[in-house]
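Asks: Can you keep this structure in mind? I'll have questions shortly.
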Amino acid sequence: MKKEVKQVKKTEVKVIDAQGKILGRVASEAAMTLMGKTKASFERNTYCGFPVKIINASKLSITPKKLTQIYHTRYSGIPGGLRVLPGTETAMKKGLKELIKLAVYKMLPSNKLRRTMMKSLKITD
């Protein structure tokens with residue numbers, strides 16, 4: 001009997017530099033990679049993407065007018081507990097890192113794999 005030797009590939013990590021880039025472009029590139037659509041072995045029902053690391057998130061190119069157009073909602077679970085926060089407030093409190101995370105989250109499919117995909121996303125300033 002022959003022993004088959006399986007070579008374990010190191011997990012590839014895609015690094016995206018956000019310096020001077022637009023929010024939507026960075027988020028869509030990260031979402032496509034997390035879903036695995038850049039691979040030939042893409043399957044919609046399994047997680048086949050690979051980890052993404054976004055660097056220089058604080059140097060993202062975003063205008064003040066665009067920040068006022070972005071909204072982030074939070075729901076506390078009680079009636080009347082929906083809070084709508086403008087992008088300027090989110091950027092001041094949590095930084096542009098949080099806006100990238102929210103943009104990628106909304107671009108991923110809303111199914112059970114979304115949480116697994118978001119765990120593979122790392123964002124640094």
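Read-outs: derived from the displayed coordinates by stated rules, not from any lab. Note that the structure is a prediction, hence the values are computed from the model and not measured. A quick note on method: Cβ atoms are made from the backbone with ideal geometry, for glycine too, and the neighbour counts reach across all protein chains shown.
Asks: Which stretch or stretches of segment 47-63 have amide N atoms under 18 Å from the point lying 7 Å from residue 115's Cα along the Cα→Cβ direction?
Replies: From segment 47-63, the list is 47-48.
Asks: Identify the trypsin sites (Lys or Arg not before Pro) of segment 14-60 meeting these criteria: DSSP loop state and at most 15 other C-beta atoms within 10 Å of the C-beta.
Replies: For trypsin sites (Lys or Arg not before Pro) across segment 14-60 that sit outside H, G, I, E and B with at most 15 neighbouring Cβ atoms in 10 Å, the list reads 37, 39, 44.
Asks: Determine by what factor the alpha-carbon radius of gyration of segment 65-125 differs from 2.2 N^0.38 Å, reporting the quotient.
Replies: Compactness ratio reported: 1.24.
Asks: Among 27, 42, 105, which residue has its Cα positioned farthest towards the positive end of the charge dipole of the chain, with +1 placed on the Cβ of Lys and Arg, -1 on the Cβ of Asp and Glu, and the dipole taken about the Cα centre?
Replies: Of 27, 42, 105, it is 42.
Asks: A follow-up question, please. Work through the residues other than residue 18 whose Cβ is under 11 Å from its Cβ and net out their charges, Lys, Arg +1 and Asp, Glu -1.
Replies: Net of charged neighbours comes to +2.
Asks: Counting other C-beta atoms within 10 Å, and keeping those with at most 14, which DSSP coil GluC sites (Glu not before Pro) do you find in segment 20-125?
Replies: Those satisfying the criteria are 43.
Asks: Determine the dipole magnitude for segment 24-125: charges of +1 sit on the beta-carbon of Lys and Arg, -1 on that of Asp and Glu, nothing else is charged, the reference point is the Cα centre, and the result goes in debye to the nearest 20.
Replies: 80
Asks: Then there's this: Using DSSP, restrict attention to beta bridges with both residues in the chain and report what percent are antiparallel, rounded to the nearest 5.
Replies: Restricted to the chain, the bridges split so that about 40 percent are antiparallel.
Asks: For Cα pairs less than 8 Å apart in space and 6+ apart in sequence, what is the mean separation divided by the residue count of the chain, i.e. the relative contact order in percent?
Replies: Relative contact order of the chain: 31 percent.
Asks: Would you mind estimating how fast the chain diffuses translationally, via Stokes-Einstein at 10 °C and 1.306 mPa s with the Kirkwood radius over Cα pairs, in µm²/s?
Replies: Using the Kirkwood radius from Cα pairs, D works out to 98 µm²/s.
Asks: Calculate the length of the line joining the C-alpha centroid of segment 89-107 to that of segment 52-81, in whole Å.
Replies: The two parts, judged by their Cα centres, are 4 Å apart.
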